[in-house]
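Participant: What follows is a structure written as structure tokens; I'll ask about it next.
The values are calculated or read from the model by the stated rules, or taken from the named source; none is laboratory data. Because the structure is predicted, anything quoted here is derived from the model rather than measured. Using ideal geometry, Cβ is built from the backbone for each residue, glycine included, and neighbour counts are taken over all protein chains shown. Side chains are part of the model used for accessible areas, which takes the heavy atoms of the whole protein and leaves out ligands, DNA and RNA. Shrake-Rupley method; radii C 1.70, N 1.55, O 1.52, S 1.80 Å.
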Amino acid sequence: MTIIIGVLAGLLFDLYRVIAQLFNLKKWGLMIGDILYWLILTPVVFIILLWGNGGEVRFYVVIGLAIGAILYLQLLSQPITPLIKGFFNIVKQSINLAVKLFKLIWKALCLPFKVVFVVVTAPVGFVFKLLKKLGVGINKPVNRLIGKLRLWIKPKQE
């Protein structure tokens, strides 16, 4: 059982290594990551040991953990690390696709409002320009209102 726990510790280490590469962690990030790795690994190992042998920590337990970790890192790390990287790439691509899809749906939902805004403001603008040429003084208050509406309705440019 301790060898299996050691293999699990090696797998968690590979997971941590891939995450560190993915986020391009620098010195402080790696130090925090190391601390988090051990804060996660220690209770996991303790719970499994508690379940497996009543929580007894003897010398053979430490040797078994070390043998399992060494076996994993020597035999399994090289083929499993690309699988972990592939998994994270799929997750990253899925998130990017979901964001693009959300943006597309948002633009499609906003399109009718934009069309209505243009259809309404174009003739109104024409009428106000005509009224301005005729000298009617309604232009300033209505222009302020339209300006505020445009700021409220106009989406951010990308």
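Participant: Tally up the carbon and sulfur contribution to the accessible surface of the stretch 1-126 as a whole percent, 1.4 Å probe, everything protein left in place.
Facilitator: 79 percent
Participant: Treat every Asp and Glu Cβ in the chain as -1 and every Lys and Arg Cβ as +1, leave all other atoms uncharged, and give the resulting dipole magnitude about the Cα centre to the nearest 20 debye.
Facilitator: 1900 debye
Participant: Would you mind putting 55-62, 3-10 in packing order, based on average other-beta-carbon counts within 10 Å, highest first?
Facilitator: Listed from highest to lowest mean packing, they are 3-10, 55-62.
Participant: Please name whichever of VAL118, LEU73, GLY86 sits farthest to the positive end of the charge dipole of the chain, dipole taken about the Cα centre and charges placed at Cβ: Lys and Arg +1, Asp and Glu -1.
Facilitator: The Cα lying farthest towards the positive end belongs to VAL118.
Participant: Also, I was wondering about something else. Of the listed values (1) 99, 31, 27; (2) 49, 39, 27; (3) 65, 42, 27, grab the one calculated as Cα extents along the principal axes in Å from the structure here.
Facilitator: For Cα extents along the principal axes in Å, the calculated option is (1).
Participant: Give me the extension gain from LYS107 to ILE4: residue separation times 0.36 nm, minus the current Cα-Cα distance, reported in nm with one decimal.
Facilitator: 31.9 nm
Participant: How many Å² of accessible area per residue for the chain, probe 1.4 Å?
Facilitator: Normalised by residue count, the accessible surface of the chain is 80 Å².
Participant: When ranked by the protection proxy of mean other Cβ atoms within 10 Å per residue, highest first, what sequence do the peptides 23-35, 40-52 form?
Facilitator: Final packing ranking: 40-52, 23-35.
Participant: Under the rule of -39500 (n - 2.57) per DSSP H run of 4 or more residues, summed and divided by the residues of the chain, what mean residue ellipticity at 222 nm is obtained, to the nearest 500 deg cm²/dmol?
Facilitator: -30500 deg cm²/dmol
Participant: Something else: Roughly how many nanometres apart are two label points built 7 Å out from the Cα toward the Cβ at PHE126 and VAL62?
Facilitator: Going from the PHE126 label point to the VAL62 one covers 8.9 nm.
Participant: At what distance in nm do the modelled label points of PHE13 and ILE32 sit from each other, each positioned 7 Å from its Cα along Cα→Cβ?
Facilitator: For PHE13 paired with ILE32, the spin-label model returns 2.4 nm.
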